[in-house]
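Here is the structure we will look at, set down as C-alpha cells.
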Amino acid sequence: MAQTVHADGNFLVPNATFIAEVIAFVLILLILRRYVVPPIQKAMRERQEMIRRQAEDSDKAKEQLAQAEAEYQRALAEARVEAARIRESARAEAQQVVEELRTQAQEEQSRIVARGEEQLQHQRTHVVRELRAEIGSLAVELSEKIVGQRLADEAQVRATVDSFLSDLEHRDTAGTGT
C-alpha cells in the first residue's frame, strides 16, 4: 500500500477559495477607499476645523475677557480717582463757603456792634442834653434857694450850668478811666 500525498492538504500552496477571498477582500478595500473613506475623512476634517475654530474663538474670547477686565479695572480706578477729586473739591468748596459765611457773620457782627455803639452814643448824647437841661434848672433852683435870690442874668445861669456839667463830665471820665 502505497501512500499518496495530496497537494490539497498543503497549507503553503493557496487554493482557489483563498484567491477568491483575497480578491473579494481587495475589492472591498477598494470600494471602502473609494466611497466610504472620503466622506469619513471629510467629516473628520470638518470636525477638526470646527474644533480648531472653537479653540481660536475660545482664545479670542479669553483675550477679550482679559481686555474687558483690564478696561473695567482702569475705569474703576478712574472712577475712584474722580470720586476722590469730587470729594476733595466738595470739601474745599464747603470750606470756602464756611469761610465766606464766617466772614459775612463777622462783618455783620461788626456792623451790628458799630450800629449799637452809634445808637448808644446817640442815646448818651440825648441823655446828656436832657440831663444838662434838667441839671441846669435844678442847679439854678438850688442856687436860688442857697443864695436866696434869683439869678437874673441868663449868662450867669448858663455859665453856672456849664461849670457844673464840665465838673460832672470830668468826674465821669475820671471814674471810667478813659
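The values are calculated or read from the model by the stated rules, or taken from the named source; none is laboratory data. Keep in mind that this is a model prediction, so the values were computed, not measured. Every residue, glycine as well, gets a Cβ built from its backbone with ideal geometry; the counts of neighbours run over all protein chains shown. Surface areas here come from the heavy atoms of the whole protein model, side chains and all, with no ligands, DNA or RNA. Shrake-Rupley method; radii C 1.70, N 1.55, O 1.52, S 1.80 Å.
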Per residue, accessible area of the chain with a 1.4 Å probe, heavy atoms of protein chains only, in Å², comes to 90
Simple SL model, points at 7 angstrom along Cα→Cβ for ARG102 and GLU46; separation in nm is 8.2
What helix-only [θ] at 222 nm does the chain give? Using -39500 (n - 2.57) per DSSP H run of at least 4, over all residues, to the nearest 500, the answer is -31500 deg cm²/dmol
Subtracting the Cα-Cα distance of ILE146 and GLU130 from 0.36 nm times their residue separation yields 3.4 nm
For LYS60 the rounded accessible area (nearest 10 Å², probe 1.4 Å, non-protein molecules ignored) is 120
Labelled set [x] 17.0, 49; [y] 18.8, 55; [z] 64.5, 211; Rg and Dmax of the Cα atoms in Å computed from this model equals the value at [z]
With 0.36 nm assigned to each residue of separation and the Cα-Cα distance removed, VAL26 to ARG53 gains 5.9 nm
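Counting only protein heavy atoms and using a 1.4 Å probe, what share of the accessible area of the range 42-178 belongs to carbon plus sulfur, as a whole percent?
Taking all protein chains in place, the range 42-178 shows 55 percent carbon and sulfur surface.
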